[in-house]
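Undergrad: Sharing a structure with you now.
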Amino acid sequence: MDNQVAIARAQAHYARCIDDGPLEDWPMFFTENCHYRVTTADNYARGLPAGLIWADTRGMLKDRVSALKEANIYEPHVYRHMLGQPAILTESGGDVESETPFFVLRVTGGGPTDLFASGRYVDRYRVEGDQALLRERVVVCDSKEIDTLLALPL
Amino acid sequence: MDRLTGTTAGRAPDRSWPRSLTRVPYWVFQDEAVYRAEQDRIFHGPHWSYLCLEAEFAEPGDFCATFIGEQPVLVTRDVDGEVYAFENRCAHRGALIAMADHGKARDFTCVYHAWTYNLQGDLTAVAFAEGVGGKGGMPPNFCLSDHGPRKLRIAVVHGLVFGTLSNDLPDIEEYLGEEILDRIDRVLGGRKPVVLGRFAQRLPNNWKLYAENVRDSYHASILHLFFTTFGINRLSQRGAIIVDESGGHHVSYSAIDRTAVASNEYRDQKIRSDSEYQLADPSLLEGFSEVGDDVTLQILSVYPGFVLQQIQNSVAVRQILPRGTDDTLLNWTYLGFESDTEEQRLVRMKQSNLVGPAGYVSMEDGGIGGFVQRGIAGASDEYATLQMGGDTAESSESRVTEASVRGFWLAYRESMGFVPDDDAPLPEIGKHERTRVVRA
Ligand code: FES
Ligand SMILES: [Fe+2]
């Protein structure tokens, strides 16, 4: 299968997993050793390494989900991810670098639909057959401001 | 020429404030006139406000745009290597002098009519000052040095840059006091901070609710369940609260109690010892002694809006900026140090998950202020009660106390000029009795 198709397919399921659940499946979109980080365009451009969320194993992603389910307290809310087409930047065999623009709408409690975040996924995928797994996803948010808090992953 | 002339504080709204530190009127989070007066009396008044880190503008010509309250400010390093700060507002018609957050400049030229300022904030040139073809131009008596943005007084403490628009306050050492200085020194002294990331969080609440939250050691193990849920031992910790004399600054810290850990006495009493939840990747909590002592947590605040945090190996500064009665900007700067090894840097990255807008132990703080702001709607005649740990604003070994929150209000009512009023509600309020409200 074409890398572009494999990645677009994986991303559609990724978004659906966060928006509609089950969130527990979210870490499975990543390889065991992976990198996931949510940062801002400013930090990214300056090469500053910290993240709002920072993980280098699938285990850390699982912990993120279980902490959200079991420990953290926040007003219930839901996301709706809108993803653009992945732009394939480099391909060498199953090793693919791509970028995908996104925006995420958030509804908190019984409130209105707010535009919560926009940005791009800067990704490195491992594509095997028709399966594309994230080795690395840097979520680069366009704005440096986060409204209230960031609980669910982007 | 030094154009710092201090400020004329606006009149404090005519309000009575309870004498007891255990009562806080809810109108203080809601009233527009109070909010306006805070800008004058606190942020433009005789207080040192945190501006930025020296590490953010290391080289001559580097600048950093920040705020003192709502007022935009530029902090610069001139070619002489010194730090300067002045209001980021053109002396001509008020446009921002610099729009970027950070940058490098030889001088600043306002985009509107090209008035030019040097790195110290002096007006050096006015476009078309002589007019064109002998017509127009500035009057002959116009003197550049009479026009310029107001300059701030600057103080640098271990790489933290503080500024003030007022001449009516002591130098920073006296302002902070020895205990606070020592605790800043503990984390930042003798090593060079490196910025690892900057994040901003918009809080749907009054800035003072966040100032309270940071000083509120009572809520920490109740609201933030991450540690207890995952069966991570936090009970073997000794610690204390330090409240400075003014009440406005505080330190809360806890340290590993080696005897308790060794005896397992506390470990057996885990709040949820039968917890089925465990971290799949416990490397998050494998840290190192931050500065060679046993203190694993130190939260320090400086009145009005600064926080220095060491939570295990997550070191950060926070700047609390008011943006409206129910709108606050919280700026986070995550720090490492030049001396960090690669492993230590990795630990800091992992532990950055604990703090910030998505932090396991701090995401709740982003939401809770909004819950209060919404909860007190319609209750502007009522009062919060702060009786945990007594009614004073003193240092204590217990962290089950609201002493440093009371300290904040002590400093606040002083700086706002609210007169304590014996007729305002007493600390003891009957169960079903409604609070009485006394207004001047
Ligand atoms: S407003 Fe700056 S030059 Fe006119
Ligand atoms: Fe908290």
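Undergrad: Which whole-Hz ³J(HN,Hα) couplings does the range B:145-156 yield from phi under the Karplus relation 6.51 cos²θ - 1.76 cosθ + 1.60, θ = phi - 60°, glycine and proline marked x?
TA: 6, 7, 10, x, x, 5, 9, 9, 7, 10, 9, 10
Undergrad: Can you give the Rg and Dmax of chain B based on its C-alpha atoms, in angstrom?
TA: 23.9, 90
Undergrad: Then there is this: For B:R238, list long-range residues whose amide hydrogen, built 1.01 Å from N in the peptide plane, is under 5 Å from its own amide hydrogen.
TA: B:A255, B:D257
Undergrad: Right, next: Placing +1 on the Cβ of each Lys and Arg and -1 on the Cβ of each Asp and Glu in chain B, which of B:F199, B:P139, B:V419 has its Cα farthest towards the positive end of the resulting dipole?
TA: B:P139
Undergrad: On a 0 to 90 degree scale, rounded to 10, what angle separates helix B:342-351 from the longest Cα axis of chain B?
TA: 80
Undergrad: From Cα pairs below 8 angstrom and at least 6 apart in sequence, can you work out the relative contact order of the range B:58-99, rounded to a whole percent?
TA: Values: 68 pairs, mean separation 13.1, N = 42.
After rounding, I find 31 percent.
Undergrad: Give the accessible surface of the protein assembly as shown per residue, rounded to a whole number of Å², with probe radius 1.4 Å and ligands, DNA and RNA excluded.
TA: Value returned for the protein assembly as shown: 42 Å² of accessible area per residue.
Undergrad: When each pair of different Cα atoms in the range B:9-66 is counted once in the 1/r mean, what is the Kirkwood radius in angstroms, to one decimal? Provide the component values of the computation, followed by the final result.
TA: On the way: mean 1/r = 0.0693 Å⁻¹.
Averaging 1/r across every pair of different Cα atoms and inverting gives 14.4 Å.
Undergrad: Relative contact order for chain B using alpha-carbon pairs under 8 Å, separation at least 6, rounded to a whole percent?
TA: 23
Undergrad: What does the charge add up to near B:V307, with Lys and Arg as +1, Asp and Glu as -1, over the other residues with Cβ less than 10 Å from its Cβ?
TA: Residues close to B:V307 contribute a combined charge of +2.
Undergrad: In whole Å, what are the Cα extents of the protein assembly as shown along the three principal axes, biggest one first?
TA: 80, 76, 49
Undergrad: If packing is taken as the average count of other Cβ atoms within 10 Å, what order do B:128-139, B:46-57 fall into, highest mean first? Each step should come with its number before you reach the end.
TA: Values: B:128-139: 9.7, B:46-57: 23.1.
Order by mean packing, descending: B:46-57, B:128-139.
Undergrad: If Lys and Arg each add +1 and Asp and Glu each add -1, what is the summed charge of the other residues whose beta carbon sits under 11 Å from the beta carbon of B:N331?
TA: +2
Undergrad: Magnitude of the Cβ-charge dipole of the protein assembly as shown, K/R +1 and D/E -1, about the Cα centre, nearest 20 debye?
TA: Working: 59 positive and 85 negative charges, 199 e Å.
Its charge dipole is roughly 960 debye.
Undergrad: Let me ask something else. Quick one: which residues, 5 or more positions from B:G248 or on another chain, have an amide H under 5 Å from its amide H? H modelled 1.01 Å from N in the peptide plane, none for Pro or chain starts.
TA: Close amide H contacts, sequence-distant or interchain: B:A411.
Undergrad: Net charge around B:G292, counting only other residues with Cβ within less than 13 Å of its Cβ (Lys, Arg = +1; Asp, Glu = -1)?
TA: On the way: positive: B:R186, B:R191; negative: B:E290, B:D293, B:D294.
Overall, the nearby charge balance is -1.
Undergrad: On a 29 Å Cα-Cα criterion, which of the cross-link pairs A:K144/B:K192; B:K104/B:K151; A:K69/B:K192; B:K104/B:K135; A:K62/B:K192 come out too long?
TA: A:K69/B:K192; B:K104/B:K135; A:K62/B:K192
Undergrad: Where the only charges are on Cβ atoms (+1 Lys, Arg; -1 Asp, Glu), what is the dipole of the range A:62-154 about its Cα centre, to the nearest 20 debye?
TA: On the way: 11 positive and 15 negative charges, 42 e Å.
For the range A:62-154, the charge dipole is close to 200 debye.
Undergrad: Count, for each residue of B:346-355, the Cβ atoms from other chains sitting within 10 Å of its Cβ, then give me the mean as a whole number.
TA: 4
Undergrad: Follow-up question, since we're still on this one. Under a 5 Å amide H to amide H cut-off, with H placed in plane at 1.01 Å, what residues pair with B:A200 once short-range neighbours are removed?
TA: A:I146, B:W332
Undergrad: Next question. With a point put 7 Å past each Cα toward its Cβ, work out how far B:S339 is from B:M138 in nm, to one decimal.
TA: Taking the simple label geometry, B:S339 and B:M138 are separated by 4.9 nm.
Undergrad: Also: Given just the C-alpha atoms of the range A:3-141, how large is their convex hull per residue in cubic angstrom?
TA: In the range A:3-141, the Cα hull volume divided by residue count equals 110 Å³.
Undergrad: Something else about it: With charges set only on the Cβ (+1 for Lys and Arg, -1 for Asp and Glu), what does the dipole of the range A:3-141 come to about its Cα centre, in debye to the nearest 20?
TA: My answer is approximately 180 debye.
Undergrad: Would you work out which of B:V79, B:H102, B:H92 lies farthest towards the positive end of the dipole of the range B:52-145? Charges go on Cβ: Lys and Arg +1, Asp and Glu -1.
TA: It is B:H92, whose Cα lies furthest towards the positive end.
The values are calculated or read from the model by the stated rules, or taken from the named source; none is laboratory data. No experiment lies behind these values; they were computed from the predicted model shown. Here the Cβ is made from the backbone with ideal geometry for all residues, glycine too, and neighbour counts use every protein chain on show. Ligands, DNA and RNA are excluded from the accessible area calculation, which covers all protein heavy atoms including side chains. Shrake-Rupley method; radii C 1.70, N 1.55, O 1.52, S 1.80 Å.
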